[in-house]
Amino acid sequence: MQMFKRLLLIVVIFSLASGCAKPPDKSLGDTRDVVAQAYAAGAIQFAPGEYQLAKSALQAAELQVKNKEYKKASRTLELAQRYSREALKLTIERKEQLAAEQQKIAAEKQRIELAKQRELKRQAALKKKKAQKDRVKKRKPKKVTPVVAKKASSDVVKPKLVDSVEVLAGENLAMIAAREEVYQDALLWPLIYKANRDQIKDPGEIFSGQILMIPRDKTKEEVDAARQEAQTLKLFSH
């Protein structure tokens, strides 16, 4: 309201003096252009007060030109241009401010969305980890059967050990050597073979019912040599 009063006062002051100057055609065209620029920039939305003052001043100047009050029209056009430039300046500033605020809001939304995604991933990882733990708890432990039994002592005779064995159906020397009461080590079958050469022609062929001697007086070196021989021959690898 105060702006309109100011404009009215200025127009009244200008109207006190009349002149016979030339029509301000160029100034009128320039003013129309700058008012149009302010409108195109969005001044009617971002600087409505200044834009309306500029538009009203332009309309007043056009009327003054029509009435051949060229001097007053020139001054009114200057006023219209000033308000138009002010409206354009405010429009640009307020647009930039709005864009900055929108960018800030968008960045905050993106930050919140990323935080949500990270939380979802964390929850999914925890859920997966818990499921894995549950599966491990439910899973029964597997029994591991040793391929080779514990090595028997080479110089200590245990109470359960025997000096002779009877060959059972389907047995071979490695199976006999692996017996608990013999050596508990399948790789020591060469000791049995060498001690029973009088009745074993082929170490890979023994018969059910045979009585085989189990030597107990072997040194550590002889035991190690027998084990090395078995590993080299691989006669009973399966």
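Within the range 178-214, the residues that satisfy the criterion of being under 15 Å from Glu229 (Cα atoms) and either part of a loop (DSSP other than H, G, I, E, B) or not hydrophobic (A, V, I, L, M, F, W, C) (or both) are Asp185, Pro190, Tyr193, Lys194, Pro203, Gly204. Only one entry of Glu86, Glu108, Glu93 meets the criterion of being modelled with pLDDT of 90 or more and under 21 Å from the mean Cα position of the chain (by Cα), and that entry is Glu108.
Inclusion of Ser84 among residues that are in contact with a Pro (Cβ under 7 Å, 6 or more places away or on another chain) and either in a helix (DSSP H, G or I) or among the hydroxyl-bearing types (Ser, Thr, Tyr) (or both) is not warranted.
Taken together, the residues in the range 75-107 that are of a type in the set (S, T, N, Q) and touching a helix residue (DSSP H, G or I) at 6+ places or on another chain (Cβ under 9 Å) amount to 4.
Within the range 30-58, the only residue that satisfies the criterion of being surrounded by 21 or more Cβ atoms within 10 Å (Cβ to Cβ) and not in a helix (DSSP H, G or I) is Ala47.
The values are calculated or read from the model by the stated rules, or taken from the named source; none is laboratory data. Keep in mind that what you see is a predicted model, and the values were worked out from it rather than measured. Glycine also receives a Cβ, built like all others from the backbone with ideal geometry; neighbour counts cover every protein chain displayed.
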